[in-house]
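Have a look at the structure below before the remarks.
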Amino acid sequence: MESTTFTRNPMIAITLLRILVGWHFLYEGLTKLTSPSFSAAGYLKQAKGPLAGAFHSLAASPDMLANANLITMWGLAIVGAFLILGLFTRLASLAGIAFVLMFYLAAPPWIGLSYAIPSEGSYLIINKNLVEVGALLVIFFTGSGRFAGLDRIISGLIRRRPAVAVAA
């Protein structure tokens, strides 16, 4: 991947963006983990997007639903923690993008679709999920964890590691 250098102020802004998005993920994960009644079933059952059939099948299978619940709760919390810490930032960004795109595809804000669970506003194609995908793309492509985060430490350790001599 091509490396781009940004000045200090844009990287501070992008790092702040990473921490804010990370907090959103961590908070969503922790609230689900600490709620004994959390289940993605209602959300999956009301899906009307292009993957609605898959989401409905997932909600109808108790074992698959239990796995989806665990993946959702722990995945959101882990992605959030990694983003806040700047640890494996690019991988966490990709995982976050996957989560948010699934949420978007389950309930896209398209004309003609209405849901039992009301949305926060009236949108046309673009909603907060796609905005968060955009933010995660910025975080992914700028690698802000190497500016301020544990990725910076890991990257420094890897660069300093002496090359291993290979016998000919």
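Since every read-out is calculated from the coordinates, none of them should be taken as a lab result. What you see is a predicted model, and the numbers here were worked out from it, not measured in a lab. Every residue, glycine as well, gets a Cβ built from its backbone with ideal geometry; the counts of neighbours run over all protein chains shown.
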With r as the distance between the Cβ atoms of Ile12 and Ile154 and R0 = 22 Å, compute the FRET efficiency 1/(1 + (r/R0)^6) and round to 0.05. 0.60
I need to check one value: relative contact order of the chain, counting alpha carbon pairs closer than 8 Å and at least 6 residues apart, in percent. 29 percent
Can you tell me which of 91-102, 58-69 comes out highest on packing, and rank the rest after it, using the mean Cβ neighbours within 10 Å? 91-102, 58-69
Calculated Cα Rg over 2.2 N^0.38 Å (choose from (1) 0.97; (2) 1.23; (3) 1.06), label: (2)
How big is the dipole moment of the chain about its Cα centre under a simple scheme where the beta carbon of each Lys and Arg is +1, that of each Asp and Glu is -1, and everything else is neutral? Debye, nearest 20, please. 520 debye
Hey, what number do you get for the chain at 222 nm if only DSSP H runs of n ≥ 4 count, each worth -39500 (n - 2.57), divided across all residues, to the nearest 500? -21000 deg cm²/dmol
Distance from the Cα centre of the range 57-74 to that of the range 89-104, in angstrom? 18 Å
